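To start, the structure under review is shown below, and the notes come after it.
The values are calculated or read from the model by the stated rules, or taken from the named source; none is laboratory data. Given the structure is predicted, the values throughout are model-derived calculations rather than measurements. Please note: Cβ atoms are built from the backbone with ideal geometry, for glycine as well, and neighbour counts cover all protein chains shown. Note: accessible area is taken over every heavy atom of the protein model, side chains too, but ligands, DNA and RNA are not part of it. Shrake-Rupley method; radii C 1.70, N 1.55, O 1.52, S 1.80 Å.
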Amino acid sequence: MTELAEVTTLLLSRIRDIPDHPEPGVMFKDITPLLADPVAFTALTDALADLVVRHGATKIVGLEARGFILGAPVAVRSRVGFVPVRKAGKLPGATLGQAYDLEYGSAEIEVHAEDLSRDDRVMVIDDVLATGGTAEASVQLIRRAGAEIAGVSVLMELGFLGGRARLEPALEGAPLEALLRV
């Protein structure tokens, strides 16, 4: 078994399916067992850090909230800066915001205006790529701040929700990497 296959097997073994959460018919992918396992969490951090280095990122944007949990240790491991992207109204001071559509309504995310610059190549990190709306909005927000997109990396992609098809045009050739496809 290759090292990548071993990491994939380890990560999959630590993700728990929770049926009917948060509503009937939804199969929630719970990553808390993975986070609680230091070997699995380290393997995940290392795999994401390898992508950050390979794609020449100078900063990581972590998407609220699980993107914070995954992105911060990856930033430390990669020796790059970490920038949180938050729901609107959560950051003090001057922010840039980006609205996006949800299935039933809309939302907005924000970043501190001074945290990204033209000199930055930014890797977006999150736990799941589902419909792609939040990731797409973060890419737009990063570009509006003047930074370049190094790519988007996620722990898992829920392919049946079509997020890749929505997100790839916004990436304009930057890579979209999913460690697991479920």
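Here is how the numbers come out for the structure above:
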quantity: Subset of segment 13-68 that is among the acidic types (Asp, Glu), farther than 26 Å from Arg86 by Cβ and part of a loop (DSSP other than H, G, I, E, B) - its residue that is most open to solvent (accessible area, probe 1.4 Å); calculated: Asp20
quantity: Conditions (1) among the hydrophobic types (A, V, I, L, M, F, W, C); (2) within 20 Å of Phe82 (Cα to Cα); (3) touching a Lys or Arg at 6+ places or on another chain (Cβ under 7 Å): number failed by Val124; calculated: (3)
quantity: Subset of segment 103-130 (residues that are at negative phi and either of a type in the set (Phe, Trp, Tyr) or surrounded by fewer than 17 Cβ atoms within 10 Å (Cβ to Cβ) (or both)); calculated: Glu103, Tyr104, Ser106, Ala107, Glu108, Ala113, Glu114, Ser117, Arg118, Asp119
quantity: Which listed residue is touching a strand residue (DSSP E or B) at 6+ places or on another chain (Cβ under 8 Å), farther than 30 Å from Ala5 by Cα and open to solvent by less than 40 Å² (accessible area, probe 1.4 Å), from Gly97, Gly89; calculated: Gly97
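Matching residues to (1) touching a residue at least 24 places away in the same chain (Cβ under 8 Å); (2) of a type in the set (A, V, I, L, M):
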{"position": "Pro73", "(1), (2)": "yes, no"}
{"position": "Arg79", "(1), (2)": "no, no"}
{"position": "Gly93", "(1), (2)": "no, no"}
{"position": "Ala99", "(1), (2)": "yes, yes"}
{"position": "Arg118", "(1), (2)": "yes, no"}
{"position": "Arg121", "(1), (2)": "yes, no"}
{"position": "Ala130", "(1), (2)": "yes, yes"}
